[in-house]
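I have placed the structure first, in the form of C-alpha cells, so that the comments after it can refer back to it.
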Amino acid sequence: MTHLPNSLQGRDIRFLMHPVTNARAHERTGPLVIARGEGVRVFDEDGNAYIEGMAGLWSVALGFSEPRLVEAATRQMERLPYMHLFSSRGQEPSIALAEKLVQMTPEGLDRVHFTNSGSEANDTVIKMVWFWNNAIGRPEKKKFIARLKGYHGITIGSGSLTGLPGNHKGFDLPLDFVRHVSTPHHWREAHEGESEEAFSDRLAAELEAVILAEGPGTVAAFIAEPLVGAGGVIEPPAGYWRKVQEVCRRHDVLIVADEVINGFGRTGRMFACETYDIAPDILVLSKQITSSYQPLAAIVFSDRIYQGIADGSERLGTFGHGFTTAGHPVATAVALENLAIIEERGLVEHAAAMGRILQAGLRRHADHPHVGEVRGTGLIAAVEFVEDKAAKQGSTPPGRLAQAVAAAAQRNGLLLRPIGEAVCFCPPLIITEAEMEELLERFARAMGEVFGA
Ligand code: PMP
C-alpha cells in the first residue's frame, strides 16, 4: 500500500518509530490511525467504526468518551496542574487515591507508591525489595522468580522479569537476577492425562526445586500475573495458586501479584487476587486504574515491607527512588473519579455478567476444526488456533491463523489482538449485551472469512 507523503499515514511512516512494531513491515502497511472514540467504539480517519475488542491495550475500562474523567482532569488542571511527591511534598489527589487503594485492595496491603507505568512499577518493585532486604540485613536475598509467558514490562528490570523471547531477543536480556519457571498452561503444557491438580502439583514442585537449587537465602520474590494477560490469556489451573503460595511462604519468598491487566473488574471480581484466592505481599496496578485516560501505576504493599524500608531510610540513607511525574495529580484525580464510576455503576458485577456472555459465545467455536482452545474468565478471553487439532499443532509460519482472523475481524469492524497462535479479547467493562452480541457476530463472520462458512 502506498501512502501520500503528506497524508497522516505518510507522515507517520516518515517520522514515527512505533513501539512493539516491525518497522519494515510498518513502512509497507502504514498505521491504522484512530481519530476519535465513543463508548466501546473507535473511528478511523475515514470514519470507519470498530468495536475496540481489546479496550486499547487491555485498559480502557470506561470506554472512549467518559465525560466525568474529562471533567476530573480539567478541574485538577485548573486547580493544580502539577506537583511532585519528592522530599515530603504532597498533593490531595495522590493522598486520597493511596487511601482509597488501601481500603479497596485485599487485606494486608497497607501502603502505596506511585509510578507512571506498569514497567516502572515492576522496576520499582525490584528496587524496593532489594532495598528492603538490604535494610533488614539480608543482602543475599535478591533473586526474582518469574514465569515463561509472564509479561511484566519492557524496561531493563521489568523486561527481565517478562518471560517472552520477543521482549528479550536483541536486547541482551534477561539480566541474571531472574529465574523463569514454567507457564501454567494446562492445555498446552500438561502431560497426557494429567489432571489440573496434578499439573499444579508438578509446577509447585518445580518452583520449590528452583528455590532450593538457588538457595532460599538468595531468592527474594516470586512475581506472577494471577491470570496471564499479554502472554496469551492463560488461566491458572485448579489448585495452582494455593500450591505455589504454600511454597513461597515456606521459603520466605515474597509474592508479587501483577494485576496491571487483571485489576479493577477484569476477571469479574475487583481484583484477580479475589478470583484466585491470592494473598500477595505486593500488588501492582495500572491500566484500568485511570481507564488509561492518564498514565499511572500503583504498587500496594504490606506494612512489613514498608517498616523495613522506613527503618532502612534511617540506617542506609533515603529511599532514593522516584519519578518526576509519579503520582501526577491529574492522573490520580482521574483515577479517583474512574474508581468512583466503577463502583457507582456496579461495573465489576456488570463485567462478570457480560463476561459470561463472552465466554459462552466464544466457546460455541470450541468444536471448530481449527480451534485448539477457548479460554479466559470474566471479560478477558482468547481463542487459540491450530493447523492440526489432534496434535495441537500451531500454524505455519507461526501465528498465521491468528493474524488472519484478527485482520478479518478488523475488516468486519472489530479490533482484536493476535498473540502467538491466539486472538485475544478484552473489551471495555461498559460493553452492553447488544454490543457483546455484535462483537461475537463480527468475530464469527471473521472466522467464516478465514476458514469458510
Ligand atoms: N505488567 C503487566 C501484567 C502488563 O500487562 C503490562 C503491560 N501490558 C505491564 C506490566 C507493563 O505496563 P506498561 O506497558 O504500562 O509499562
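No lab work stands behind these numbers, since they all come straight from the coordinates. In this text the structure is predicted, and so the values were computed from the model without any measurement. Virtual Cβ from ideal backbone geometry, glycine too; neighbours counted across all protein chains shown.
Add -39500 (n - 2.57) for each DSSP H run of 4 or more in the chain, then divide by its residues: what number comes out at 222 nm, to the nearest 500 deg cm²/dmol? Write out the running numbers ahead of the final one.
Details: 16 runs with 184 residues, N = 453.
About -12500 deg cm²/dmol.
Got a sec? Charge dipole of segment 377-453, +1 on Cβ for Lys and Arg, -1 for Asp and Glu; which of 381, 404, 439 is way out at the positive end?
404
Using the Cα atoms of segment 221-321, I'd like the radius of gyration and the largest Cα-Cα distance, Dmax, both in angstrom.
Every Cα atom of segment 221-321 included, Rg and Dmax give 15.2, 44 Å.
Quick check: from the Cα gyration tensor, does the chain come out rounded (a/c under 1.5), prolate or oblate? Show your work: numbers first, answer last.
Working: a/c = 1.63, a/b = 1.19, b/c = 1.36.
Here the chain falls in the oblate category.
So, R0 is 25 Å and r is the distance between the beta-carbons of residue 74 and residue 12; what FRET efficiency does that work out to, to 0.05?
Values: r = 29 Å, r/R0 = 1.16.
Using R0 = 25 Å, I get an efficiency of 0.30.
Which of the trypsin sites (Lys or Arg not before Pro) found in segment 72-135 are loop residues per DSSP with 16 or fewer other Cβ atoms within 10 Å of their Cβ?
Working: sites: 75, 79, 89, 100, 111, 127; in loops: 89.
Within segment 72-135, the qualifying trypsin sites (Lys or Arg not before Pro) (loop, at most 16 other Cβ atoms within 10 Å) are 89.
Hey, can you grab everything whose amide H is under 5 Å from the amide H of residue 422? Only 5+ residues off in sequence or another chain; H modelled, so Pro and N-termini drop out.
For residue 422, the qualifying residues are 385.
Taking 45 Å as R0, compute the FRET efficiency from the Cβ-Cβ separation of residue 65 and residue 391 and round it to 0.05.
Numbers: r = 46 Å, r/R0 = 1.02.
In this case the efficiency is close to 0.45.
For residue 169, give me every one of the lysines with a C-alpha distance below 23 angstrom, ignoring sequence neighbours fewer than eight places off in its own chain.
Answer for residue 169, where 23 Å is the Cα cut-off: 143, 149, listed by chain and number.
Which of the trypsin sites (Lys or Arg not before Pro) found in segment 339-413 are loop residues per DSSP with 12 or fewer other Cβ atoms within 10 Å of their Cβ?
Values: sites: 345, 356, 363, 364, 375, 389, 392, 400, 411; in loops: 345, 364, 389, 392.
Filter output for segment 339-413: 364.
Using a/c under 1.5 as the rounded threshold, could you call segment 84-125 rounded, prolate or oblate? The axes a ≥ b ≥ c are square roots of the C-alpha gyration tensor eigenvalues, and prolate needs a/b larger than b/c, oblate otherwise.
Working: a/c = 2.01, a/b = 1.08, b/c = 1.87.
Oblate is the answer for segment 84-125, as a/c is 1.5 or above yet b/c matches or exceeds a/b.
Would you mind getting the Kirkwood hydrodynamic radius of segment 355-452 from its Cα pairs, rounded to one decimal in Å? Please list the in-between numbers first.
Working: mean 1/r = 0.0756 Å⁻¹.
The answer is 13.2 Å.
Tell me whether segment 51-196 comes out rounded, prolate or oblate; compute the Cα gyration tensor, take square roots of the eigenvalues as a ≥ b ≥ c, and use a/c under 1.5 as the rounded threshold.
Values: a/c = 2.03, a/b = 1.36, b/c = 1.49.
Judged from the Cα gyration tensor, segment 51-196 comes out oblate (a/c at least 1.5, b/c at or above a/b).
Which GluC sites (Glu not before Pro) does segment 104-189 hold that lie in a coil by DSSP with at most 16 other beta carbons within 10 Å? If you can, show how the numbers build up before the last one.
Working: sites: 107, 120, 140, 189; in loops: 107, 140.
Sites meeting the loop and neighbour criteria: 107, 140.
Suppose a student asked you for the relative contact order of the chain, using Cα pairs under 8 Å spaced at least 6 residues apart; what percent would you report?
Contact order relative to length: 20 percent.
Using the Cα centre of segment 47-172 as origin and beta-carbon charges of +1 (Lys, Arg) and -1 (Asp, Glu), tell me which of 126, 84, 67 is placed farthest towards the positive end of the dipole.
In segment 47-172, that residue is 126.
Nearest 20 debye, what's the magnitude of the dipole of the chain about its Cα centre given +1 on Lys and Arg Cβ and -1 on Asp and Glu Cβ? Numbers along the way, then the final one.
Numbers: 44 positive and 56 negative charges, 171 e Å.
The dipole of the chain has a size of about 820 debye.
Return the aspartates and glutamates within reach of residue 243: Cα separation strictly under 13 angstrom, same-chain partners fewer than 8 residues apart disregarded; answer none if there are no such residues.
The reachable aspartates and glutamates, counting only those whose Cα sits under 13 Å from residue 243, are 196, 197, 201, 206, 208, 277.
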